[in-house]
1. Only one of (1) surrounded by fewer than 24 Cβ atoms within 10 Å (Cβ to Cβ); (2) within 16 Å of the chain's Cα centre (by Cα) is not met by residue 117, so which one is it?
2. Report whether or not residue 91 is among the polar types (S, T, N, Q) and over 14 Å from residue 33 (Cβ atoms).
3. Within the group 102, 132, which residue is modelled with pLDDT of 95 or more and in contact with a helix residue (DSSP H, G or I) (Cβ under 6 Å, 6 or more places away or on another chain)?
4. Scanning for something under 23 Å from residue 107 (Cβ atoms) and either part of a loop (DSSP other than H, G, I, E, B) or not assigned by TED's automatic domain parsing to the domain that holds residue 97 (or both), does the range 36-47 turn up at least one residue?
5. Select, from 186, 178, the only residue that is in the same structural domain as residue 122 (by TED's automatic domain parsing), under 19 Å from the mean Cα position of the chain (by Cα) and without any contact (Cβ under 8 Å) to a residue 12 or more places away in the chain.
6. Name the residue that is surrounded by the fewest Cβ atoms within 10 Å (Cβ to Cβ), counting only residues in the range 159-178 that are of a type in the set (Val, Ile, Thr) and within 11 Å of the ligand (Cβ to nearest atom).
7. Here are some residues: 61, 54. Which one is of a type in the set (Asp, Glu), within 14 Å of the ligand (Cβ to nearest atom) and within 19 Å of residue 263 (Cα to Cα)?
Amino acid sequence: MTYEIINGWIVGKLPGPNGDLIPVKHFPQGPYERRQRNNPLLCLHTTETDGYVEDLRFPTEFQVGEDVIGQHRPLWARGAAVDEHDHDLLQIEIVGFSKLDRWLPKPSSLPPLVALMALLHRRGFVVTALRRPTRWPVPLDRLPAAVDTYYRRLEVWDHAFVYGHVEIPGDEHWDPGSLDHPALFSIVRDVLAPKEVDGEMLSDNQLEGIQFANGMRRYLDSPDNEPAEPGPHRQGFRFAERITTHIEGEPPPAAFEPSRSPTEGMQLSPDEKHPGREEEEETQSRGGSEGSSD
Ligand SMILES: [Zn+2]
């Protein structure tokens, strides 16, 4: 494993589809207010931009796109992208455009989204990243959707499901449109599947436990040889160090805030936007003229 979580900030890289490692970048956007709910629901948005939005007008905790997972707020702090329910949610902006036709994010946004959802689900940072009400069709139906009377707003709020902005009561937006959740969940499940290690099927949580234990053993064998890479290995090393030497150890985690990450190689866009009734109508008429209504 290749990451640590320090005061709610993910530092390092997260495993994504096909064993790829996705870097986590930091774009801190305070002030931070502790989320009132301990087990938030995952809520997905789209930026309605081509590129990454370094400074979100309405910050979410995370943004995925341009081949990176961007973290704008620590895991314990609420976002500010919906009207009434920020305290109930952990929110992700997906770089891309919502569609009324079934869609999946583009190749520079999908792997970071999958890697982040897998971590959030596995570590319990959200109630679930893998369930939707089965009776809801993938395409948004019974339009208009960008209105507070939309049927999905009240049917299951709030239960253990993945939500889109379109399904949050008290809002007038329809992102992320007809995002293909079943296809997305199946890619996340692949990342979460137990892996064979030395003839045993082990989950990622078990693998991290083994690495943590190895880190403790490494301290006992060679206390001056701290692992350079963040991850459970180094966390185990530092844990053993604290136990055996009773030192105060690391600076208090509350003092930690990551510095802003460089954006070299990333396409950047100005303000994100959450599409409302007008955009829904435009998209509808575009879809109609092309003869695709699904
Ligand atoms: Zn939104």
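The values are calculated or read from the model by the stated rules, or taken from the named source; none is laboratory data. What you see is a predicted model; the values in this text were computed from it and never measured. Cβ atoms come from the backbone with ideal geometry, glycine included; neighbour counts cover every protein chain shown.
1. Here residue 117 clears every test but (1).
2. Here the answer is no, as residue 91 does not meet what is asked.
3. Residue meeting the stated conditions: 132.
4. yes
5. 186
6. For the range 159-178, the residue satisfying everything is 168.
7. Result: 61 is the single residue among 61, 54 that is of a type in the set (Asp, Glu), within 14 Å of the ligand (Cβ to nearest atom) and within 19 Å of residue 263 (Cα to Cα).
To keep it simple, each residue is scored yes or no on (1) surrounded by 23 or more Cβ atoms within 10 Å (Cβ to Cβ); (2) farther than 15 Å from residue 39 by Cα; (3) assigned by TED's automatic domain parsing to the domain that holds residue 181.
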{"site": "62", "(1), (2), (3)": "yes, yes, yes"}
{"site": "144", "(1), (2), (3)": "no, yes, yes"}
{"site": "154", "(1), (2), (3)": "no, yes, yes"}
{"site": "157", "(1), (2), (3)": "no, no, yes"}
